[in-house]
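The values are calculated or read from the model by the stated rules, or taken from the named source; none is laboratory data. The model shown is predicted, which means the values in this text are computed figures rather than measured ones. Glycine also receives a Cβ, built like all others from the backbone with ideal geometry; neighbour counts cover every protein chain displayed. Areas reflect the complete protein model, heavy atoms only, side chains present, ligands, DNA and RNA absent. Shrake-Rupley method; radii C 1.70, N 1.55, O 1.52, S 1.80 Å.
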Amino acid sequence: MSRSSASDTGASTSRRGLLRWGALLGGGTLLAACGSGEGEVVAGAAPERPEEIADPDQALDLLRRGNARFVAAREQHTAHTIERRLHVASGQHPFAIVLACADSRVPPELVFDQGLGDLFVVRTAGQVLAPPVLGSIQYGVEHLHVPLILVLGHEKCGAVSATLEAVQTGAAATGTAIDSLVEAIRPAVERARAGSAGDHLLAEAVRSNVTDEVETLATDPLLAEAVAAGHLRIAGATYDLDEGVVTFL
């Protein structure tokens with residue numbers, strides 16, 4: 001695929017066993033301060049940004065600043081106007097791809113205080129990568145020219161917790177598609193078990209799962225080419241459910 005513009009890009013301005021899994025899939029452990037922009041946490045109209053953002057560092061800074069506003073409960077993207085909806089209907093220029101867990105408590109648009117058309121979001125339990133997921137991410141990079149991919153894990157992640165339990169107990173496969181999630185997350189869990197224990201084990205497994213996915217994305221030929229050309233950055237982060245803080249790894 002070339003890096004030519006796709007037909008659906010256009011003008012955009014931004015103002016800114018099964019029951020066990022059912023019980024556990026709500027659940028990530030992490031922490032820390034979210035970085036730059038905290039000094040500019042102000043309420044009011046959604047912030048303006050350039051129509052298109054090509055700089056990966058600028059994209060990452062927008063996420064940091066947005067999370068700082070979210071943590072302070074001073075969001076600026078609280079009103080989704082008809083004007084904005086009609087504007088992005090003509091095309092999209094998202095500045096970041098976020099691969100996130102499907103957990104209902106971790107909606108990237110809210111966590112990063114962004115509006116319609118700002119983020120290209122792909123979500124699965126445990127933010128597990130699979131061919132259609134990777135294809136979606138490749139599309140965002142190749143055709144929408146998104147400069148940043150962020151893999152977002154979270155505290156008390158139910159998918160990671162359930163995989164950890166399955167590995168620790170030697171549980172039999174369920175015979176469902178859930179088994180594919182366990183197998184995808186298992187390497188991160190096993191590596192975490194080799195270096196952590198007790199209360200820190202799940203937190204380390206969550207981090208390991210994020211770093212595994214970042215590394216997997218970085219080895220994809222299409223994405224690696226964009227990184228090498230300076231068009232793309234791939235980063236990882238974790239989200240604290242209680243504090244609302246995103247920690248960039």
**OP:** Would you grab the residues whose amide H sits under 5 Å from the one on Arg233? Only those 5+ places off in sequence or on another chain, please, with H modelled 1.01 Å from N.
**Re:** Leu148, Ile149
Subject >> Separation in nanometres of the label points that stand 7 Å from Cα toward Cβ, at Ala72 and Asp179 >> reply: 5.1
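May I ask you to give the solvent-accessible area per residue for region 56-248, in square angstrom, as obtained with a 1.4 angstrom probe?
Values: 7830 Å² over 193 residues.
That works out to 41 Å² per residue.
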Original post:
Going by the alpha-carbon gyration tensor, a ≥ b ≥ c the square roots of its eigenvalues, is region 48-102 rounded (a/c under 1.5) or, if a/c is not under 1.5, prolate (a/b greater than b/c) versus oblate?
Top reply: oblate
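Grab the Cα-Cα distance for Ala172 and Ala197, subtract it from 0.36 nm times how many residues apart they are, and report the gain in nm with one decimal. Working shown, then result.
Details: separation 25, 0.36 × 25 = 9.00 nm, distance 2.30 nm.
Extra length from Ala172 to Ala197 when fully extended: 6.7 nm.
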**OP:** Please report, as a whole percent, how much of the solvent-accessible surface of region 56-248 comes from carbon and sulfur atoms (probe radius 1.4 Å).
**Re:** 54
Original post:
Expressed as a rounded percentage, what relative contact order does region 56-248 have, with Cα pairs under 8 Å and six or more residues apart?
Top reply: 25
Subject >> Cβ crowding within 10 Å averaged over residues, with 115-123, 199-207 ranked highest first >> reply: 115-123, 199-207
Original post:
So what J values fall out for region 134-144 if you push phi through Karplus, 6.51 cos²θ - 1.76 cosθ + 1.60 with θ = phi - 60°, rounded to Hz, Gly and Pro as x?
Top reply: 4, x, 5, 5, 4, 4, x, 6, 6, 9, 9
Original post:
Residue separation times 0.36 nm, minus the C-alpha to C-alpha distance between Leu222 and Arg85: what's the value?
Top reply: 46.2 nm
